[in-house]
Amino acid sequence: PFRRAARISEVELSEIIQISEAAAALKREGRDVISLGTGEPDFPTPQHVVAAAHEAAMRGETTYTPTAGTPVLRAAIAAACERENGYRPEQAQVIVSAGAKQVIFNAFFATLDAGDEVILAAPYWTSYPDMISVCGGTPVIVAAGAEAGFKLTPAALAGAITERTRWVLLNSPGNPSGAVYSPAELSALAGVLRDAPHVGILVDEIYQHICYVPFASFRTVAPDLAERTLIVNGVSKSYAMTGWRIGWGIGPRRLIDAMAAVQGQVTSGASSVSQAAALAAISGDQQLLAERNDDFRDRRDIVQAALNATGLIRCGSADGAFYLFPDCTATFGKTAPDGTRIERDADFTAALLRAEGVALVPGRAFGLPGHFRLSYAYSRTSLTEACARIARFCQSLA
Ligand code: PLP
């Protein structure tokens, strides 16, 4: 009875998880493995946030909350939005879900019919195409290589829009590239979208606070498109709260209501205790964001310089998130000491894992082969050691 339904027949365990599992298996064998594979801040959740959750639980905030989130958290999200991005949504335009991931899923599930198209640039966060497919839509993937700064250009966007397009999906700062759209770039995309009134704009800004250039929200740059824009954000990355599962969407009321209808049948709403924690995070002291941001920037610089010093890996700069997405094509055609001939990014990452115990994710998982993703949300000791091993591996290639 448990054959897979057609709508999930194509969905596989993500390559990122497969690599984490391969790394864990090597560790169990006693190998010294450094995994730079996952996208999770290594900082702890701030103490005052944990305390607020504890207090909420002790006060009895342990029951179902309204489906779209507690009024006090939704109001605080609106206030944070005004403070940080200069616009204040109404409370009814905000929905809180179990992570940014559920916000995006709800939006697609609530709006896509079979054959509806969603435009996104590659490299992309691996979950996007799968979520689109599971919801019955068709991902329309536009290549955005290093020459385009890993960003969707207005011409590429214009060329991809059809009458079946329901959404264009933007992610800034981006996973896996770290690319950040400037206000001018967002404005140019908005210019194309003004001529396509049937297209919704989903903007994933989950890495807003991990950004080394001034951050610009699409919603701020193009306020006239607010009626068809959904902004996605959350506490997972900014406040080191991945396990608390709180994200939110800000959009037009009709869409938010439809997303709440989906959520009502899936989770009934996000955890009450986690919502209290998120409230403390976004309403409390924000100084830690800047401190952690500086720390991430410093780690980026260390890793980027070390990778470029190998001579075989080309690593451009990344303005945000905590990822680098270097090019490893100069290793193609070379042979590793164990005899593996490197012909693709996945050969490079697999041979590196075997030889030196460093786990990275090949670019093909993100729709752009020839690269790999490295997350630098790890300790400086791990990063320095991993870079030394990558350099040794590169030197060993013949
Ligand atoms: N969006 C992007 C681009 C991500 O990289 C991630 C996590 O890796 C998410 C959303 C998911 O965030 P959350 O933990 O809030 O579901």
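In the set Ala355, Ala365, only one residue is over 25 Å from Asp301 (Cβ atoms) and within 16 Å of the ligand (Cβ to nearest atom); that residue is Ala365. Output the residue which, of all residues in segment 95-134 that are within 16 Å of the ligand (Cβ to nearest atom) and assigned to a loop (DSSP other than H, G, I, E, B), is farthest from the chain's Cα centre (by Cα). So, considering only residues that are within 16 Å of the ligand (Cβ to nearest atom) and assigned to a loop (DSSP other than H, G, I, E, B), the one farthest from the chain's Cα centre (by Cα) is Ala98. In segment 287-299, the residues that are surrounded by fewer than 12 Cβ atoms within 10 Å (Cβ to Cβ) form no Cβ pair under 9 Å with any partner that is among the polar types (S, T, N, Q) and not in a helix (DSSP H, G or I), whether six or more places apart or across chains.
Evaluate the following for Gly243: is it within 16 Å of the ligand (Cβ to nearest atom) and either surrounded by 22 or more Cβ atoms within 10 Å (Cβ to Cβ) or in the same structural domain as Pro123 (by TED's automatic domain parsing) (or both)? The answer is yes for Gly243. Has segment 38-50 got at least one residue that is closer than 20 Å to Thr242 by Cα, in contact with a helix residue (DSSP H, G or I) (Cβ under 6 Å, 6 or more places away or on another chain), outside any loop (DSSP other than H, G, I, E, B) and aliphatic (A, V, I, L, M)? The answer is yes; a qualifying residue exists. Reported count of residues in segment 300-311, each being in contact (Cβ under 8 Å) with a residue 40 or more places away in the chain and either over 23 Å from the mean Cα position of the chain (by Cα) or surrounded by fewer than 20 Cβ atoms within 10 Å (Cβ to Cβ) (or both), is 5. Answer yes or no as to whether Ala78 is surrounded by 14 or more Cβ atoms within 10 Å (Cβ to Cβ) and over 30 Å from Ser382 (Cβ atoms). Judged against the criteria, Ala78 is a match. Search segment 82-94 for residues being farther than 15 Å from Asp204 by Cβ and either surrounded by 21 or more Cβ atoms within 10 Å (Cβ to Cβ) or not charged (D, E, K, R) (or both), and hand back the single one that is nearest to the ligand (Cβ to nearest atom). Out of the qualifying residues, it is Val94. Within segment 167-191, the set of residues being surrounded by 20 or more Cβ atoms within 10 Å (Cβ to Cβ) and away from the ligand (no atom under 16 Å from the Cβ) comprises Glu185, Leu186, Leu189. Taking residues in segment 104-129 that are over 16 Å from Val203 (Cβ atoms), and partners anywhere that are surrounded by 24 or more Cβ atoms within 10 Å (Cβ to Cβ) and of a type in the set (Lys, Arg), the pairs with Cβ atoms closer than 9 Å and at least 6 places apart or on different chains are Pro123/Arg373.
The values are calculated or read from the model by the stated rules, or taken from the named source; none is laboratory data. Since this is a predicted model, take the numbers as computed values, not measurements. Cβ atoms come from the backbone with ideal geometry, glycine included; neighbour counts cover every protein chain shown.
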